[in-house]
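Reviewing the structure listed below.
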Amino acid sequence: ETRLKVIRLLQSQGQLDDAIKENEALLAAAPKNPDFVFQLAETRMQRGDRQKALDLLAKLETSAGNDPDVLTRLSDFYERIEEKDRALKLLTRLATLAPGDPSHLVELGDRYWAAGDKKKAVETWQRIRAVVANRARALSALGEVFLDHDLVTEALAAHKEAMDAEPKDPRYQKQYAIALERSATGAGGAGQGTPASPRFDEAVALWEKLLDSAGQNRVQAREARGHIVTIWSLTKQLEARSEPLKRRLAE
């Protein structure tokens, strides 16, 4: 800890050669500690020794084996220093190492999407179906990714499939209803304030079903009512819908 503080102090003062010597001594004492490798690579980059920094990171990549934490940090480091090919290679590797965790597939697809290869991105995201054992959970995660990238048709199909796979689980009904709302108010939907929208109508029907089945679950009932009122407001139906309620209260 003391040596690390000395290294940071030397770095801040621009004494990079001395900082490197201290860091190398630290790494020699604990060669398997990835924190010290990243620290030394950072200092090497500051000094302009890019290749020496990359050599250190490559060595760490080999020694890390299949440790997802170290490999994730390496990928982030490569991304930060504009080594995008190395970062992408590690993400591809990570996507095969963490069964049940779709996060690396999501991020890998994001990289392809940002690079303009949308076909490859969608193919990568579709692998979530095979990685996540629970079918409904996999489809739900896939639907969220599609919706975040304005792939509305694909997103709604995935969310509906998730709901149909677990028809008694209200989570997937809620997620599909929310996806319908988001798509109806977003660029790919009917547009905010549009009086008639099949997606809004389907969302309301789902929320009404959830309200009817809420029973003593006040949280679910309150959430369902909130969404129904919001949709009525967006579709200019709130006043008309509220009149019958007012009359009933006045009786």
(message) Explain nothing, just the number: relative contact order of the chain, from Cα pairs under 8 Å at least 6 residues apart, as a whole percent.
(response) 7 percent
(message) Nearest 10 degrees is fine. How inclined is helix 103-114 to the longest principal axis of the chain, computing both from alpha carbons?
(response) 90 degrees
(message) Please report the net charge: other residues with Cβ closer than 14 Å to the Cβ of GLY100, K and R +1, D and E -1.
(response) +3
(request) Output the relative contact order of segment 54-182, whole-number percent, from Cα pairs under 8 angstrom with separation of 6+ residues. (result) 13 percent
(message) Using Cα springs under 10 Å in a Gaussian network model of the chain, which residue among THR43, THR92, THR124 shows the largest mean-square fluctuation?
(response) THR43
(message) Using all alpha carbons of the chain, what is the percent of pairwise distances in each 10 Å bin, ordered from the shortest bin to the longest?
(response) 7, 22, 21, 17, 14, 12, 5, 2, 0
(request) Any chance you could list P(r) for segment 195-238, counting all Cα-Cα pairs in 10 angstrom bins from zero, rounded to whole %? (result) 32, 50, 17, 1
(message) Please return the longest range in the chain lying between exposed loop sites, taking trypsin sites (Lys or Arg not before Pro), DSSP loop only, at most 15 other beta-carbon atoms within 10 Å, and leaving the sites out.
(response) 33-167
(message) Compute for segment 1-81: radius of gyration divided by Kirkwood radius, i.e. Rg/Rh, restricted to C-alpha atoms, rounded to two decimals.
(response) 0.96
(message) Using each residue's phi in segment 72-84, evaluate 6.51 cos²θ - 1.76 cosθ + 1.60 at θ = phi - 60° and report the 3J(HN,Hα) Karplus result to the nearest Hz, with x for Gly and Pro.
(response) 5, 5, 5, 4, 5, 5, 4, 4, 5, 9, 6, 9, 5
(request) Taking a cut-off of 12 Å between Cα atoms, list the aspartates and glutamates near LYS21, but don't count ones fewer than 8 places away on the same chain. (result) none
(message) Give me a comma-separated list of calculated 3J(HN,Hα) values for segment 206-222, in order, Karplus coefficients 6.51, -1.76, 1.60 applied at θ = phi - 60°, integers in Hz, x for any Gly or Pro.
(response) 5, 5, 5, 5, 5, 5, 5, 8, 5, x, 8, 7, 5, 5, 5, 5, 5
(request) Step through the residues of segment 223-235 one at a time and calculate ³J(HN,Hα) from phi using the Karplus curve (6.51 cos²θ - 1.76 cosθ + 1.60, θ = phi - 60°), rounding each to whole Hz and writing x for Gly and Pro. (result) 5, 5, 4, x, 5, 4, 5, 4, 5, 4, 5, 5, 9
(request) Kindly provide the helix-only [θ] at 222 nm of the chain, computed as the sum of -39,500 (n - 2.57) over DSSP H runs of four or more divided by all residues, to the nearest 500 deg cm²/dmol? (result) -24000 deg cm²/dmol
(message) Quick check on my link table: of LYS118/LYS168; LYS52/LYS84; LYS120/LYS174; LYS168/LYS236; LYS84/LYS119; LYS52/LYS120, which ones sit more than 23 Å apart, alpha carbon to alpha carbon?
(response) LYS118/LYS168; LYS120/LYS174; LYS168/LYS236; LYS52/LYS120
(request) Quick one: dipole size for segment 54-195, taken about the Cα centre, charges +1 on Lys/Arg Cβ and -1 on Asp/Glu Cβ, in debye to the nearest 20. (result) 300 debye
(message) Which residue fluctuates most in the GNM of the chain (Cα springs below 10 Å): GLY48, GLY100, GLY143?
(response) GLY48
(request) Enter the angle in degrees (range 0 to 90, nearest 10) between the Cα long axis of helix 34-47 and the first principal axis of the Cα atoms of the chain, meaning the one along which they spread out most. (result) 70 degrees
(request) Restricting things to alpha carbons, find the Rg to Rh ratio for segment 83-195 using the Kirkwood radius for Rh. (result) 1.03
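Any read-out appearing in this document is the output of simple, stated calculations on the displayed coordinates, not a laboratory observation. All of these numbers come straight from a predicted model, not from anything done at the bench. Here the Cβ is made from the backbone with ideal geometry for all residues, glycine too, and neighbour counts use every protein chain on show.
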